[in-house]
4 protein chains.
Amino acid sequence: MTVRAAVAGASGYAGGELLRLLLVHPEVEIGALTGNSNAGQRLGALQPHLLPLADRVLRETTAEVLAGHDVVFLALPHGQSAAVAEQLGPDVLVVDMGADFRLKDAVDWERFYGSAHAGTWPYGLPELPGGRAALEGSKRIAVPGCYPTAVSLALFPAYAAQLAEPEAVIVAASGTSGAGKAPKPHLLGSEVMGSMSPYGVGGVHRHTPEMIQNLSAAAGERVSVSFTPTLAPMPRGILATCSARARPGVTAESVREAYAKAFADEPFVHLLPEGQWPATASVYGSNAVHVQVAYDADARRIVVISAIDNLAKGTAGGAVQSMNIALGLDETTGLSTIGVAP
Amino acid sequence: MTVRAAVAGASGYAGGELLRLLLVHPEVEIGALTGNSNAGQRLGALQPHLLPLADRVLRETTAEVLAGHDVVFLALPHGQSAAVAEQLGPDVLVVDMGADFRLKDAVDWERFYGSAHAGTWPYGLPELPGGRAALEGSKRIAVPGCYPTAVSLALFPAYAAQLAEPEAVIVAASGTSGAGKAPKPHLLGSEVMGSMSPYGVGGVHRHTPEMIQNLSAAAGERVSVSFTPTLAPMPRGILATCSARARPGVTAESVREAYAKAFADEPFVHLLPEGQWPATASVYGSNAVHVQVAYDADARRIVVISAIDNLAKGTAGGAVQSMNIALGLDETTGLSTIGVAP
Amino acid sequence: MTVRAAVAGASGYAGGELLRLLLVHPEVEIGALTGNSNAGQRLGALQPHLLPLADRVLRETTAEVLAGHDVVFLALPHGQSAAVAEQLGPDVLVVDMGADFRLKDAVDWERFYGSAHAGTWPYGLPELPGGRAALEGSKRIAVPGCYPTAVSLALFPAYAAQLAEPEAVIVAASGTSGAGKAPKPHLLGSEVMGSMSPYGVGGVHRHTPEMIQNLSAAAGERVSVSFTPTLAPMPRGILATCSARARPGVTAESVREAYAKAFADEPFVHLLPEGQWPATASVYGSNAVHVQVAYDADARRIVVISAIDNLAKGTAGGAVQSMNIALGLDETTGLSTIGVAP
Amino acid sequence: MTVRAAVAGASGYAGGELLRLLLVHPEVEIGALTGNSNAGQRLGALQPHLLPLADRVLRETTAEVLAGHDVVFLALPHGQSAAVAEQLGPDVLVVDMGADFRLKDAVDWERFYGSAHAGTWPYGLPELPGGRAALEGSKRIAVPGCYPTAVSLALFPAYAAQLAEPEAVIVAASGTSGAGKAPKPHLLGSEVMGSMSPYGVGGVHRHTPEMIQNLSAAAGERVSVSFTPTLAPMPRGILATCSARARPGVTAESVREAYAKAFADEPFVHLLPEGQWPATASVYGSNAVHVQVAYDADARRIVVISAIDNLAKGTAGGAVQSMNIALGLDETTGLSTIGVAP
């Protein structure tokens, strides 16, 4: 099978990472690349690490340019995907790496994004219960947010196994690429190197309702989420520290067993051996998720730590994984669990 | 007043930071410097940033060397302070920057440190309720751990004002200097740059009982603590993200009011204006603590973030502040709230 | 003496560092702070590390606002200093931290800066031959560029002692704060962390003629300079690696002797003991310059390495040092040779 | 073809990077992995980023363990390769990633390494004049040092085209992984983050004679090299700034033309478009070399900058590239010019 893929928004970090992955995907041929403010520029000037594509020129994001592909990836600012997707027709696989179609609840969408809800597409996190079935043969995919990927994978087994009370507390550290490539003062290297800082504290981060949606589905009841994201002095990676009060009767063994079972057949999610803890460096550039669990008997909390690459499994790798499923390819095609370290 | 001060353990990070502060303390004259494995070496070879002391030579840590000083600071490995302190006599002010005398509960000590409890000294965190009174005129001071400093200052007002349920969840990121100067593979620059990783997960970190001790004292009941420390790719700084379920009736306003009141007269602890969040870079090299609070009404949790410099307010700065109180000096003498940024 | 000082351009990195230093200067009282695009904002929102000035509000940069001070520091974009200085009158000490008055040669100025030459002011690098005399009692000071500070101090002794051929090759690595606070894509943390890159290669960097000016003056003949600046993944610091072919008869001993003599009485420039090499971390936040020399007999080159803090000795510290001389204060007043490390 | 490969020294950074590359090499099957001090441990505990090999157990480095492979890679400390290679027999391809067989001159070896010269093997830098021919069919390969790779590729075209005087000045910044995984105080994250420092200054670094060997061969006369390595706060990457005085008649055009011609058919070495400069981030994890040249007419110097990944093209990637040639495979098999950025 040769899949012809276009990328709308090829000049940003998500688009660049997607191209890095598509370049080694054996079934994909890279077609049109677009980028509005950068249209007309060589990709080599914008993404110098993608040497094989250096002489490609970015085009405008229009229906004409995106036509004639089997898959169109959208790496666009929030709110722009619906208009583009409509023009592409129902037979093209559209993979939206933005937020527009992630949430099921229109009220949540409007509260957190401040605009009209565009709709809901099949959600690209195959590891969730029922996740793969929802993607098979689909022509539309909503790629999860980077934090919800790390957090949902860390906590869904505890909720699915009814081990945890429905109140999760999550603190996650993200590399700066999660904040995008648009230059802002607080994202300058001078500001972020040597510094940790929080943002979106107190339940206001837009990824919060997405986590609630995923964890509540696993638990079968509404799970409240206290989520604090922090900006870490590194370009990539998310380390999510997630915990929830244990239900009565939970033991260290029952927790570990639930996680071992949940991830036993997962090609990308890996429960580390006891005593070994995740580090974001170990998943740098890879689609792997490293997870470890602990049961704190004193505090009666289940603590789960996950590490992902926010651009890979957290965005572009997750997009490719879901595309593979939608197209009927082996889910792991073109994806790797090998990190670049040190 | 001229205070003659000796530093036992001058070659490490805590000792080096202490010397950096003592060099600009107007009432202190720096006396003997010791360092066992490095005895005989020039300080300039070990702490090249301390240029005015470059030609000082480290001596052995013995009672003779440490005799004849008004203050002796101990920056020694755990378990070595008691023996040294005994030899110094009751009239010398001994400031222990290690853990030996921090805990009141011998059972806790033995469980977390695996050795016999040496005793309990007045605790060097003046901002806690009753903290200053305990230090005035004291001849022995136990300097708090770096994490307990950041965490206790972040959460005690919520507990003292009876705003929070007695179950705190804390995730803190620390710069690598908190792990000391002894070379270990996981602390290599190649390993830590670009990586976040947790350690001591599940309630096993030694600073946990110290936090419980402080928060329980403020609350008037036992507070359980779920504490996860993480190693961040920066040399200095702690960002502590602390939260607890709010008691009924708590509002964003009541939380903010409690914190404004708690820190109103504090020279070093600063509640940031609403909308501004702490960053470790802002307290780099300073004794300041930046704090911000939020009330997450959906999750019904109070979230408090504090940023400190782990070596300054978290260790050496806290030691100098407590020394000032013990000696009857103005508490802020020689200390600064000005950070080195960017 | 109380010196009342105004700072025009207080919101940038140079202005912020200057304020950090002025806050601890015993003879200075900080007066008006200005910043055009940020006028009206609290300094606490822009420079959160300067806690004692957090409630100061930035004003417009006008002659009225800057009037009534003994010293006015200008931290303005190139080309703006002359107009402001003219309005301040001849009795006010004006210290320009920009480039406008550094070069003596109008042709050089026009070639490298592309505008009319504003003039030449006494040059604020007291360690150069005749440097102090030029500053004593002066009412105008041109603060050197950060690279020229590091490079001129590294190489002038070799040229003054006629040890080196008049062709210097310099490669310097700078922290990102040298590039300023204006957000640009290539200065994003995501781009600079984990990356080294050059810029201004091939003699086109604006600091090149300034280095030539200083080294030629020391040598008594025109010295050509090949200068390559590189951007390093750190917020502060310059490491300058400077070399020149040795004249016949030069030995390792004669080189070392010349440097020891040149810096013997310098309060801020320190020739490290043999075998110890400069590191930018050792001068972090300090006004010290660490220098080391080697003679490579095989390549017949003198190699000199210097480390400075680009914002401190390289900009704001150098400005304060020169102000001290101009005002008749002790040159070291309010300045430190103690770095913040690790 | 299936090539069965063993790796002696699989626990270090060079060995780990080699395994990362071999895992995606379509013709290679990974056989025995050894590591003396770590023998008996799971690779997953030592190289957690290599998930597909996590359950492999390291064995002792013995002839028995290494027997039965088509290729044996040696990533051993200096001086150990000869003894191992002898035992492997003449029909096995032995690729030495250490220094033992790089130098042709026994006197140079003894001066810089202080031991007896083991011999000289075909040198694994195919891009040098005659480089490929020397490797075809060879059963022994000496992989170049990381700095000599970056520097030789940057400067050989200038020398081969007789554009430069035989005196090169090189300053290179390396990521910390170049210094290996053995824990040493100056390599701690606390020390290297935020700091640049030189080492091996004045012609004493062991890679100097290797550069001289390569450049002299290209020039047809002895080239002297002034080489200063610096340690940069990043895990990977080398940025080499290389310059040499231009011979009379050289122009910017003639320099560019020589480089364009030298690299026209090279699959991994890429002369960037004019105006674009190399950054180590762009070659992170890739086998690509990014090069840019400038002619500084004022200083009359040719300035060449190259960026490589020290572990990839600088060590393990170069090893695989040379293995491909020796085995008659396409030179690019299993190697990539795509970097992981940001």
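So here's what we get for this one:
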read-out	value
For D:PRO122: the one exception among (1) within 30 Å of C:ARG236 (Cα to Cα); (2) in contact with a Leu (Cβ under 6 Å, 6 or more places away or on another chain); (3) surrounded by fewer than 21 Cβ atoms within 10 Å (Cβ to Cβ); (4) not polar (S, T, N, Q)	(1)
Members of the stretch D:170-182 found to be open to solvent by 10 Å² or more (accessible area, probe 1.4 Å) and in contact (Cβ under 8 Å) with a residue 60 or more places away in the chain, listed by number	D:VAL171, D:GLY178, D:GLY180, D:LYS181
Residue satisfying all of: in the stretch D:73-96; charged (D, E, K, R) and more than 15 Å from the chain's Cα centre (by Cα); nearest to D:THR62 (Cα to Cα) among these	D:GLU86
One residue from B:ALA307, B:ALA294 being among the hydrophobic types (A, V, I, L, M, F, W, C), closer than 25 Å to C:ALA316 by Cβ and touching a residue at least 40 places away in the same chain (Cβ under 8 Å)	B:ALA307
Selected residue (only one of D:ARG256, D:ARG245 is open to solvent by 20 Å² or more (accessible area, probe 1.4 Å) and assigned to a strand (DSSP E or B))	D:ARG245
Test set (1) open to solvent by 10 Å² or more (accessible area, probe 1.4 Å); (2) of a type outside the set (A, V, I, L, M, F, W, C); (3) more than 7 Å from every other protein chain (Cβ to nearest Cβ) - C:PRO185 fails condition number	(3)
Considering residues of the stretch B:270-309 that are at the interface with chain A (Cβ under 7 Å from one of its Cβ atoms) and assigned to a helix (DSSP H, G or I) only, the residue surrounded by the most Cβ atoms within 10 Å (Cβ to Cβ)	B:THR280
Number of the condition not met by A:ALA172 [criteria: (1) among the aliphatic types (A, V, I, L, M); (2) facing chain B (nearest Cβ under 8 Å); (3) in contact with a Pro (Cβ under 6 Å, 6 or more places away or on another chain)]	(2)
Residue match in the stretch D:208-223 (condition: within 11 Å of another protein chain (Cβ to nearest Cβ), open to solvent by 20 Å² or more (accessible area, probe 1.4 Å) and either in contact (Cβ under 8 Å) with a residue 24 or more places away in the chain or assigned to a helix (DSSP H, G or I) (or both))	yes
Of all residues making up the stretch D:310-331, the number that are free of Cβ contacts under 8 Å to residues at least 24 places away in the same chain and open to solvent by less than 20 Å² (accessible area, probe 1.4 Å)	1
Residue within the stretch A:261-278 that is closer than 28 Å to C:GLY194 by Cβ and among the polar types (S, T, N, Q) present	yes
D:GLU17 being among the acidic types (Asp, Glu) and more than 14 Å from chain A (Cβ to nearest Cβ)	no
Residues that are touching a Phe, Trp or Tyr at 6+ places or on another chain (Cβ under 7 Å) and either farther than 30 Å from D:PRO185 by Cα or more than 12 Å from chain A (Cβ to nearest Cβ) (or both), drawn from the stretch B:224-249	B:ALA246
Check on B:GLY130, away from every other protein chain (no Cβ under 13 Å), free of Cβ contacts under 8 Å to residues at least 12 places away in the same chain and open to solvent by 20 Å² or more (accessible area, probe 1.4 Å)	yes
Close pairs from the stretch A:59-80: first without any contact (Cβ under 8 Å) to a residue 40 or more places away in the chain, partner part of a strand (DSSP E or B) and among the small types (Gly, Ala, Ser), Cβ under 8 Å, at least 6 apart	A:ARG59/A:ALA32
Residue count, the stretch B:3-13 (criterion: assigned to a loop (DSSP other than H, G, I, E, B) and either open to solvent by 50 Å² or more (accessible area, probe 1.4 Å) or more than 18 Å from B:GLY178 (Cβ to Cβ) (or both))	1
Residue list for the stretch C:133-166, filter: of a type in the set (Ser, Thr, Tyr) and surrounded by fewer than 24 Cβ atoms within 10 Å (Cβ to Cβ)	C:SER138
Residue ID - nearest to B:THR333 (Cα to Cα), chosen from residues in the stretch B:29-43 that are within 14 Å of chain C (Cβ to nearest Cβ) and open to solvent by less than 30 Å² (accessible area, probe 1.4 Å)	B:ILE30
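Every residue, every condition in (1) more than 29 Å from A:GLY114 (Cβ to Cβ); (2) surrounded by fewer than 19 Cβ atoms within 10 Å (Cβ to Cβ), yes or no:
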position	(1), (2)
A:LEU18	no, no
A:ALA45	yes, yes
A:LEU74	no, no
A:ALA83	no, yes
A:LEU88	no, no
A:VAL94	no, no
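The values are calculated or read from the model by the stated rules, or taken from the named source; none is laboratory data. Note that this is a predicted model, so its numbers are computed, not measured. Cβ atoms come from the backbone with ideal geometry, glycine included; neighbour counts cover every protein chain shown. The protein model used for the area step is the full one, side chains on, heavy atoms only, and it has no ligands, DNA or RNA in it. Shrake-Rupley method; radii C 1.70, N 1.55, O 1.52, S 1.80 Å.
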